[in-house]
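Some notes on the structure that comes next.
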Ligand code: EPU
């Protein structure tokens, strides 16, 4: 286990470039298993979750190599495998093996899919996608001897189930329709990849029409990570600095700026994003699937609310508030009632705290960098699962942060 040692209190200034999106990269890595060829992925972030995902595709015999900014995955010769639990449980995206291996090997396995443990994380919609294509599910074993075209109506928006449904439809000969798709930017990245691998996809609002078949190698560029961008912007505001964030499509973050601008923060920047000034009134957010306020940014905006108060209504993961207990160590006061948290204006102080999950851990890093003095954040690996070279990037804009292994 490692920790971050942080000396906070200094405003951060300069330009910080975001890396490729974690949640854009993971579906593409797993989707390569459904293809027969060499895929080229540009701008893949070097983060913990991506490393585990690459080890998982290697467990099926994929060959992976990097050349500069490009990662190549050769999936021409694969064989069925049952990868060890130690590779399955660290990440939620291992659920994408369901769709990808069903296409490639006509079978899949229900495993202890992991990831951040902030809420129950059911897989009923993933199984619904498999069954709609003709899968037979018996205990943990899934067989799909004939992949049939399907029409699917998801009752709620699920990023993961949409990923599996798209991979299944792309690998299936004929036309499939998926209604009720999630439309997060990372879904578009997967669609771009699957199109380049040889299938046709029309995607409008929440409906996908997919004409699939045998897929070859594809090529895609992973766009900048909107959650990483939001994290740097939050840091900039809370430390009283001025960070320019580049490498991301600023429109994807509209729902993030809106409540901040309403509270008096100013926006600047061309080709990059900069938020200036502090909120002068309370910030209120309600999470929702894209284009709503991203649930992954609610732990990130919480420390910013310690300036002039605010509230969070969580509608995606009702239990995603474990980090508030840890923020309390930094003197950030809050009250939780059901799925609504209120954050009160507070004077942030340094603390020793433990990252409860990826985004909750980043909230602690943000609080520690704003607190005047020395803080420690245990379980730092959890944050490095999703943020590439975080201490190095932040050191370049004036932060004092070190990752230390115990
Ligand atoms: N849901 C079901 N049944 C299912 C699947 C989901 O009821 O079979 C429900 C969930 O309980 C939840 C809602 O649907 O209430 C949305 O879950 P979704 O499936 O969209 O989440 P996910 O695919 O498991 C991804 C991201 C999460 C992000 C959510 C929501 C990846 C690898 N993970 O998870 O990202 O919070 O979408 O946007 O893409 C993170 O990056 O820190 C992270 C947790």
**Request:** Considering (1) in contact (Cβ under 8 Å) with a residue 40 or more places away in the chain; (2) away from the ligand (no atom under 15 Å from the Cβ); (3) touching a helix residue (DSSP H, G or I) at 6+ places or on another chain (Cβ under 7 Å), say which one residue 371 fails and leave the rest.
**Result:** (3)
**Request:** Scan the stretch 56-99 residue by residue and report those that are over 20 Å from residue 214 (Cβ atoms), within 16 Å of the ligand (Cβ to nearest atom) and touching a helix residue (DSSP H, G or I) at 6+ places or on another chain (Cβ under 9 Å).
**Result:** 56, 87, 88, 90, 91, 92, 93, 94, 95
**Message:** Just to check your reading of the model, which residue among 137, 167, 142, 178 is surrounded by fewer than 19 Cβ atoms within 10 Å (Cβ to Cβ) and either modelled with pLDDT of 95 or more or closer than 26 Å to residue 229 by Cβ (or both)?
**Reply:** 137
**Request:** Would you mention how many residues in the stretch 269-289 are modelled with pLDDT under 85 and closer than 12 Å to residue 310 by Cβ?
**Result:** 0
**Message:** I'd like to check something: does the stretch 23-42 contain any residue that is touching a helix residue (DSSP H, G or I) at 6+ places or on another chain (Cβ under 7 Å), away from the ligand (no atom under 16 Å from the Cβ) and within 30 Å of residue 351 (Cα to Cα)?
**Reply:** no
**Request:** Identify all residues within the stretch 270-293 that are farther than 11 Å from residue 314 by Cβ, within 26 Å of the chain's Cα centre (by Cα) and in a loop (DSSP other than H, G, I, E, B); write none if there are none.
**Result:** 270, 271, 272, 289, 290, 291, 292
**Request:** Would you check if there is a residue in the stretch 295-303 being in a strand (DSSP E or B), within 16 Å of the ligand (Cβ to nearest atom) and under 15 Å from the mean Cα position of the chain (by Cα)?
**Result:** no
**Asked** Only one of 310, 292 is modelled with pLDDT of 95 or more, within 14 Å of the ligand (Cβ to nearest atom) and more than 15 Å from residue 360 (Cβ to Cβ); which?
**Response** 292
**Fill in**
Taking the stretch 341-355 and keeping residues within 16 Å of the ligand (Cβ to nearest atom) and either surrounded by fewer than 24 Cβ atoms within 10 Å (Cβ to Cβ) or under 19 Å from residue 372 (Cβ atoms) (or both) leaves none
**Request:** Go through (1) surrounded by 15 or more Cβ atoms within 10 Å (Cβ to Cβ); (2) within 11 Å of the ligand (Cβ to nearest atom); (3) under 29 Å from residue 209 (Cα atoms) and name the single condition residue 114 misses.
**Result:** (3)
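The values are calculated or read from the model by the stated rules, or taken from the named source; none is laboratory data. Here the structure is a predicted model, which means the values were calculated and not measured. Cβ atoms come from the backbone with ideal geometry, glycine included; neighbour counts cover every protein chain shown.
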